[in-house]
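Written below as structure tokens is the structure these notes are about.
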Amino acid sequence: MTGYLKYLLAHSASSANILAVTSVCNVACIFCSHRHNPAAVKTYRIPPLSREEVRELAGFLDPERRIVIGESISRLEEGEPFSHPEFLAILQDLRWRMPDTPIQVTTNGSLLTRETVRKLADLGRIEINLSLNSATLCGRLKLMQDRQAPVALESPELLYQYGIPYHGSLVAMPHIAGWEDVFATCHYLDDNRADTIRLFIPGYTRYAPDSCRYPRDLIGELRQQGQRTAAELQTPLTIEPFVPEDTQPEVAGVIAGSPAAVSGIQRGDVIRTVNGQSVRSRVETFQAVSQATSPVSIELERSGQRFSAVISQSQHQRPGLVMYHDIDYSLVDRILSTIRSKQAGRTLLLTSESAHPLWQKVWQDEPGVITAGVPAEFFGGVIQAAGLLTVSDYQAVLDAKLADVNPQLICIPQISFDAAGKDLTGQSYLETDTKGTEIVLL
């Protein structure tokens with residue numbers, strides 16, 4: 001293992017509490033981005049790490065924060081955690097080391113046998129993100145080439161039976177699996193008491209095969225059908241990616257039996273204050289409620305009427321609010337602080353194309369801040385996420401904007417780069433030609 005890879009693993013643990021254990025996966029999802037990446041994309045695959053290597057990485061974890069396994073925030077490729085031959089032993093090591101810390105594991109479910117689920121229940125404080133994708137044998141075979149689909153299809157019932165909280169998700173591909181498969185999967189997760197359901201609109205790049213592409217109008221149809229399905233379910237269902245038109249802190253859903261549900265908060269409520277403090281966005285609201293000491297006083301608005309609620313939650317317990325992601329105002333405050341400290345009279349702030357309209361509204365009263373959306377030309381297709389933008393994408397916009405804007409400072413999203421400031425092609429943001437203007441990651 002190279003020194004740089006060790007650095008990425010350690011940084012993932014220390015910065016995001018994400019513990020990487022393997023990049024090996026036991027299925028072959030047709031929508032998996034790693035299958036379609038061009039040679040210029042430089043990601044890292046890791047074999048199953050030894051228990052000793054994982055113990056070393058665990059030393060970088062914060063026991064006061066939820067541990068996440070099976071996700072990635074860098075150029076590390078995520079795999080199926082339960083494919084690791086010693087994964088249950090690794091979980092036991094973590095539980096011995098951090099007895100009260102919640103552990104969240106993302107899995108495709110094909111290895112969640114009854115015996116495995118029972119052992120997870122014995123460990124305690126385990127939460128599962130279940131990427132079910134289809135609730136039918138045929139659908140799992142078409143979408144994931146899953147030969148162990150019966151195990152995965154039984155896993156929601158087993159998780160509910162053993163009292164393990166879980167969140168279900170599906171990449172909706174009605175053009176391949178059929179609309180009935182999408183609807184059936186949502187209802188199956190609802191029937192088996194998932195805490196939440198995330199319906200992902202599939203993305204594809206210019207490098208994806210024709211089988212993964214679809215007409216652009218399918219995106220709008222997926223949103224409409226998803227909203228209709230959400231109204232039929234007891235479980236909160238969100239449709240992602242989704243960028244709200246405003247930052248009004250509206251509740252998208254409430255997890256059944258959660259502190260928020262007990263307090264009387266409902267889907268559609270708009271939160272105005274948390275412990276007497278005004279809140280400016282969904283992200284700020286969610287963070288304020290999650291980080292506050294219990295009990296938490298909430299002032300809400302419902303159908304034009306104001307009322308109060310109190311959320312009482314124990315340590316490490318989530319409040320149970322489901323909210324879409326919009327603007328993190330702590331980031332807005334950091335940007336303002338950076339602008340002032342550098343005495344920049346004119347700042348160019350680059351964002352993803354999808355988020356640009358919302359960021360433009362945030363900065364409309366700051367004439368010294370000019371925003372610009374950046375098209376994802378490198379990956380192309382329907383990609384718009386900031387995490388998939390590259391130096392070449394930013395460079396194209398800078399070439400078009402620098403002369404007109406003449407900024408004293410350029411701000412670009414940190415999420416496009418790894419811990420060393422390199423994009424998915426391995427190019428550093430410092431290689432961007434800014435004509436001498438300072439550029440910072442935020």
Item to check | the range 191-234, residues that are farther than 22 Å from residue 252 by Cβ and buried (at least 20 other Cβ atoms within 10 Å of the Cβ) | outcome: 204, 205, 208, 212
Item to check | Qualifying positions in the range 67-113 - in contact with a strand residue (DSSP E or B) (Cβ under 7 Å, 6 or more places away or on another chain), β-branched (Val, Ile, Thr) and at pLDDT 95 or above | outcome: 67, 68, 69, 101, 103, 105, 106, 107
Next on the checklist: Being assigned to a loop (DSSP other than H, G, I, E, B) and crowded, with 22+ Cβ neighbours inside 10 Å is the requirement here; does residue 319 meet it?
Outcome noted: yes
Checklist entry - Any idea which of 66, 51 is farther than 26 Å from residue 415 by Cα, surrounded by fewer than 20 Cβ atoms within 10 Å (Cβ to Cβ) and either assigned by TED's automatic domain parsing to the domain that holds residue 200 or of a type in the set (Val, Ile, Thr) (or both)? => result 51
Next on the checklist: Taking the criterion of being touching a residue at least 40 places away in the same chain (Cβ under 8 Å) and closer than 24 Å to residue 418 by Cβ, would at least one residue in the range 115-130 satisfy it?
Outcome noted: yes
Item to check | Test: residue 263 is among the small types (Gly, Ala, Ser), modelled with pLDDT of 95 or more, within 30 Å of residue 314 (Cβ to Cβ) and under 18 Å from the mean Cα position of the chain (by Cα) | outcome: no
Checklist entry - When both residues are 6+ apart or on different chains and their Cβ atoms are under 8 Å apart, which pairs have a first residue that lies in the range 272-286 and is farther than 13 Å from residue 301 by Cβ, and a second that is part of a helix (DSSP H, G or I) and among the β-branched types (Val, Ile, Thr)? => result 274/285; 274/289
Checklist entry - Is it the case that some residue within the range 139-152 is under 21 Å from residue 230 (Cα atoms), out of contact with any strand residue (DSSP E or B) (no Cβ under 8 Å at 6 or more places or on another chain) and surrounded by fewer than 17 Cβ atoms within 10 Å (Cβ to Cβ)? => result no
Checklist entry - So which of 385, 309 is not assigned by TED's automatic domain parsing to the domain that holds residue 263 and not charged (D, E, K, R)? => result 385
Next on the checklist: Within the range 183-203, does at least one residue satisfy the condition of being acidic (Asp, Glu) and touching a Phe, Trp or Tyr at 6+ places or on another chain (Cβ under 9 Å)?
Outcome noted: yes
Checklist entry - Out of (1) in contact with a Ser or Thr (Cβ under 9 Å, 6 or more places away or on another chain); (2) surrounded by fewer than 18 Cβ atoms within 10 Å (Cβ to Cβ); (3) not hydroxyl-bearing (Ser, Thr, Tyr), the odd one out for residue 253 is which? => result (2)
Checklist entry - From the list 290, 297, which one is hydroxyl-bearing (Ser, Thr, Tyr) and closer than 22 Å to residue 62 by Cα? => result 290
Checklist entry - Which one is nearest to residue 67 (Cα to Cα), of the residues in the range 146-173 that are under 24 Å from the mean Cα position of the chain (by Cα) and among the polar types (S, T, N, Q)? => result 169
Item to check | Matching residues in the range 1-31 - criterion: being at pLDDT below 90, of a type outside the set (Val, Ile, Thr) and in a loop (DSSP other than H, G, I, E, B) | outcome: 1
Item to check | Qualifying strands (runs of 3 or more DSSP E) (wholly inside the range 334-431; at least 2 residues being within 23 Å of the chain's Cα centre (by Cα) and surrounded by 21 or more Cβ atoms within 10 Å (Cβ to Cβ)) | outcome: 347-352, 409-412
Item to check | Conditions (1) over 19 Å from the mean Cα position of the chain (by Cα); (2) at pLDDT 95 or above: number failed by residue 293 | outcome: (2)
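The values are calculated or read from the model by the stated rules, or taken from the named source; none is laboratory data. Just so you know, these numbers come straight off a predicted model, no measurement behind them. Reconstructed Cβ throughout: ideal geometry from the backbone, glycine too, with neighbour counts over all protein chains shown.
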